[in-house]
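Below is one structure; the comments refer to it alone.
The values are calculated or read from the model by the stated rules, or taken from the named source; none is laboratory data. All figures in this text were calculated on a predicted structure; none of them were measured in a lab. Please note: Cβ atoms are built from the backbone with ideal geometry, for glycine as well, and neighbour counts cover all protein chains shown.
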Amino acid sequence: MTGLNDLASLYAEQEKYAEAEPLVRQVLAFREQHLGNEHPDTVRCINNLSHCCLGLRNYSEAEVLLKCALDICERDQPGKVPKDLVTCLENLGACYIEQQRFSEAEPLLKRALALSEQQLGVKTITQASILHKLAKVYASRNTPVDALEAMSLMKRALTILERQQPGHPYTLQVRKEYTEAIQILRKKSILPP
């Protein structure tokens, strides 16, 4: 099963979600049967499947999967903060952002960020990703105060990304979005020229 899981992960990283999805479903079925529904590896596989569903714009299935995984994480290890919990919160927040359900995404992402900072302490790629998503939530409100907060969050994300993975495509994407946002805010006279 490891080879199948690795191939599915490779396809997902390449954004070949249609190829990854059936493989992830096979791995999930195997893990549910042999490890049980609440095993951490099964939860990770549920998260992987939800990621494929998000990539395929199957938001309703992604949401169901993520809520299931989140429920397992919260119920399974009370008092502990498994990395899977942070991942579930972030991915469910992303699912809501894709559907423009920003008010539902915000508390999930704030909680994910707080737990991640509490758990890891250091600035990580996960934290940068959460900050980037939170910036999208604030930017969606179209107020000057929220736009400035979005810029601050995006700058924090970019600082982490440029330190951790300077030439990575995700870093370049965030840098481009940040630069474009600055230009827009300058045109709106929210930032000085």
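Things worth noting here:
- Single match in Ile184, Ile190, Ile130 (criterion: in contact with a Pro (Cβ under 7 Å, 6 or more places away or on another chain), β-branched (Val, Ile, Thr) and not assigned by TED's automatic domain parsing to the domain that holds Ile46): Ile190
- Hits in segment 100-124 - residues which are in contact (Cβ under 8 Å) with a residue 40 or more places away in the chain and surrounded by 15 or more Cβ atoms within 10 Å (Cβ to Cβ): Lys123, Thr124
- Filter result for Ser152 (assigned to a helix (DSSP H, G or I), in the same structural domain as His168 (by TED's automatic domain parsing), small (Gly, Ala, Ser) and without any contact (Cβ under 8 Å) to a residue 60 or more places away in the chain): yes
- The number of residues in segment 155-191 that are in a loop (DSSP other than H, G, I, E, B), modelled with pLDDT under 90 and surrounded by 13 or more Cβ atoms within 10 Å (Cβ to Cβ) comes to 2.
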